[in-house]
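Data first, discussion second: the structure below is written as structure tokens.
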Amino acid sequence: MSATVAVVDHPLVAHKLSLIRDKTTPSVQFRQLLREISLLLGYEVLRDLQTELRDIETPLGPMRAPFLKGKKLVFVPVLRAGLGFVDGLLELVPSARVGHVGLYREPDTLTAIEYYFKMPDDLSERLVIVCDPMLATGNSAIAAVARLKETGAREIKLLCLLAAPEGIKAFHEAHPDVVIVTAAIDSHLNEHGYIVPGLGDAGDRLFGTK
Ligand code: URA
């Protein structure tokens with residue numbers, strides 16, 4: 001299967017992304033903007049959801065109207081920064097489940113170490129949306145998706161805010177079947193594995209820990 005990256009280049013996304021990148025944007029606004037962006041990116045990442053026609057009556061008469069077919073969904077934030085996407089996505093699909101993957105980057109090697117993994121039982125029947133806002137080296141997203149596949153997931157998409165070319169390449173070498181949806185592709189990674197120009201540490205900016 002060919003590897004795909006969908007960049008959501010809508011002016012509303014671009015505007016909110018510029019605000020979120022600005023280093024003077026405080027956590028409270030950062031959180032609000034990330035929630036708003038997740039609604040807009042959610043629109044793209046869920047665009048293949050199937051609908052079915054049902055009979056309804058509008059005030060002017062009967063019609064066959066499309067409704068979501070009832071595909072089961074699970075949103076999987078990669079802790080911590082992925083949590084910033086969850087509230088917005090749940091507003092779009094309130095019945096979705098939420099699984100959590102806890103991974104941290106080992107500072108010297110930048111490899112992803114898992115410390116938490118909790119999913120609904122029926123992963124193989126669900127569309128899994130992995131939420132990892134910063135696709136930098138790709139190590140955490142690669143590890144999260146590998147673990148999800150081992151646990152039975154068959155249909156997975158990766159939702160990011162920013163992606164580095166290095167992360168996209170590594171991710172698609174490991175998981176060519178998983179579509180990436182992102183708001184932008186940035187220039188490169190610095191020597192510490194941060195996305196440039198990026199927005200800094202998404203978890204710290206979201207939770208005000210630095
Ligand atoms: N994680 C972040 O939060 N920011 C980066 O730039 C890279 C990884």
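What follows is calculated from the coordinates using simple rules that are stated; it is not laboratory data. Note that the structure is a prediction, hence the values are computed from the model and not measured. Cβ: placed from backbone, ideal geometry, glycine included. Neighbour counts: every protein chain shown.
Some notes on this structure:
- Top of D122, D132, D186 by mean-square fluctuation, Gaussian network on the chain, Cα under 10 Å: D122
- Within region 5-207, percent of DSSP bridges classed antiparallel, to nearest 5: 40 percent
- Top of L110, L46, L60 by mean-square fluctuation, Gaussian network on the chain, Cα under 10 Å: L60
- Fewest-first sequence of M134, M63, M119 by Cβ atoms within 10 Å of each Cβ: M63, M119, M134
- The overall shape of the chain, judged from the alpha-carbon gyration tensor, is prolate: a/c is not under 1.5, and a/b is greater than b/c.
- Nonlocal amide H pairs with F117, under 5 Å, H built at 1.01 Å: G102
- Cα convex hull, region 1-92: 167 Å³ per residue, rounded to a whole number.
- At 1.002 mPa s and 20 °C, Stokes diffusion of region 25-73 via Kirkwood alpha-carbon radius, µm² per second: 156 µm²/s
- As a rough footprinting exposure proxy, the listed residues H15, H100, H192 were ranked by other beta carbons within 10 Å of their own, and the order from fewest upward is H192, H15, H100.
- Membrane-span-like helices in the chain, defined here as complete DSSP H runs extending at least 18 Å along the helix axis by their C-alpha atoms with mean Kyte-Doolittle hydropathy no lower than -0.5, are 27-45; this is a sequence and geometry rule, not a statement about a membrane.
- Residue of L53, L189, L127 that the Gaussian network model of the chain assigns the largest fluctuation, springs spanning Cα pairs under 10 Å: L53
- Debye intensity ratio I(q)/I(0), log10, region 87-210, q values 0.09, 0.15 Å⁻¹ (C-alpha model): -0.25, -0.71
- Inter-part distance where region 81-96 and region 138-153 are each reduced to a Cα centre, Å: 20 Å
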